[in-house]
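Participant: For reference, the structure I am asking about is given below.
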Amino acid sequence: MSELSINTTQNVTINFKSASVGERMLASLLDFLIKVAYVIVVAYVFFNLLGISRIIDKLDFWSQMAIVILFFFPVMIYSVTLESIFEGQTIGKKIIKIKVVKIDGYQAGFGDYLIRWLFRLVENNLMGGLIGLVAMLVSNKTQRMGDVAAGTAVITLKNNISINNTILEEIGDAYQPIYPLVIKLSDNDMRIIKDTFLIAEKKNDTETILKLSRKIEAVTGIKNQSGNQIDFLRTVLKDYNFYTQNM
């Protein structure tokens, strides 16, 4: 498992762990089993119980193919659809706790997931998936060709690190939160915010701290009540932990 350095748009470098080949293969296996289960259920319900197969038998070849493709189309677009909806994760990736990210610090978009999906058609179907496996093994970021083309990588979210490297903040029982709108943010948002903040604070990078504060205000609608950007970011982190731990 190798280190993956991501340069954010604020020119701050955040280090993640690249997902291992084993993690990626296990996630793919789980996704495959889900797709197989879908095919079995659809085939049984529609073609056996509802007798659609008898109707199809009366149609010409191309009409038959169109109906079959229609029923099984969700399997074909499974990965690109779920990665777009769940911001870089399929069900298998969620279970294994890995995620697709852009290596330039931006959030991956539909176009990136589409490129990965198109390359997957080649990598997974030619030579029994050997092409994609070899590409990941020789890449220092465990990237397959689709990742390289899309400028993405797959990272693991299972980091065994200290509290300073997680979204957790130590808060006492008497702590009083100030910004309830922090619940608009996700755990992944807070992890990135905390990583960026700690690095910027250590480097005394006031410009990044200011940009980070303004971004949080713009996304959540929170208004900085302290007037101090560092105090504001610390409060946001503590408030998020307060609300998520007590919900």
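The values are calculated or read from the model by the stated rules, or taken from the named source; none is laboratory data. Bear in mind that the values here come from a model prediction, so they are computed numbers and not experimental data. Cβ sites come from the backbone with ideal geometry, for glycine too, and all protein chains shown count toward neighbours. Heads up: the accessible areas ignore ligands, DNA and RNA and are worked out on the full protein's heavy atoms, side chains in. Shrake-Rupley method; radii C 1.70, N 1.55, O 1.52, S 1.80 Å.
Participant: Among 242, 197, which is the only one that is in contact (Cβ under 8 Å) with a residue 24 or more places away in the chain and more than 21 Å from residue 157 (Cβ to Cβ)?
Facilitator: The match here is 242.
Participant: Next question, about the same structure. Among the residues of the range 76-91, what is the count of those that are closer than 17 Å to residue 151 by Cα and open to solvent by 30 Å² or more (accessible area, probe 1.4 Å)?
Facilitator: Adding up the residues that qualify gives 2.
Participant: Here is a follow-up. With the structure loaded, tell me whether residue 200 is modelled with pLDDT of 90 or more and hydrophobic (A, V, I, L, M, F, W, C) or whether it fails that test.
Facilitator: In short, no.
Participant: Here is a follow-up. Just need a number here: residues in the range 92-135 that are open to solvent by 30 Å² or more (accessible area, probe 1.4 Å), of a type in the set (A, V, I, L, M, F, W, C) and in contact (Cβ under 8 Å) with a residue 60 or more places away in the chain.
Facilitator: 3
Participant: Consider residue 178 against the criteria (1) in a helix (DSSP H, G or I); (2) surrounded by fewer than 19 Cβ atoms within 10 Å (Cβ to Cβ); (3) at pLDDT 85 or above: it satisfies all of them except one. Which criterion is unmet?
Facilitator: It fails just one condition, (1).
Participant: Continuing with this model, one more query. Taking residue 70 as the residue in question, decide whether it is assigned to a helix (DSSP H, G or I) and either without any contact (Cβ under 8 Å) to a residue 24 or more places away in the chain or open to solvent by 30 Å² or more (accessible area, probe 1.4 Å) (or both).
Facilitator: Answer is yes for this residue.
Participant: Cβ-Cβ under 6 Å, sequence separation 6+ or interchain: first residue in the range 74-91 and free of Cβ contacts under 8 Å to residues at least 12 places away in the same chain and assigned to a helix (DSSP H, G or I), partner open to solvent by less than 50 Å² (accessible area, probe 1.4 Å) and not aliphatic (A, V, I, L, M). Which pairs?
Facilitator: 82/90
Participant: Within the range 19-60, take every residue that is part of a loop (DSSP other than H, G, I, E, B) and surrounded by fewer than 14 Cβ atoms within 10 Å (Cβ to Cβ) and give me the one that is modelled with the highest pLDDT.
Facilitator: Applying the filter and picking the extreme gives 60.
Participant: Could I ask something else about it? Somewhere in the range 183-195, is a residue modelled with pLDDT of 85 or more and either part of a loop (DSSP other than H, G, I, E, B) or of a type in the set (A, V, I, L, M, F, W, C) (or both)?
Facilitator: For the range 183-195, residues modelled with pLDDT of 85 or more and either part of a loop (DSSP other than H, G, I, E, B) or of a type in the set (A, V, I, L, M, F, W, C) (or both): present.
Participant: Select from the range 200-247 the residues that are acidic (Asp, Glu) and farther than 18 Å from residue 174 by Cα and write down the one among them that is surrounded by the fewest Cβ atoms within 10 Å (Cβ to Cβ).
Facilitator: 207
Participant: Just for the range 136-168: of the residues that are in a helix (DSSP H, G or I) and buried (at least 20 other Cβ atoms within 10 Å of the Cβ), which one is modelled with the lowest pLDDT?
Facilitator: Only one residue tops the list, namely 136.
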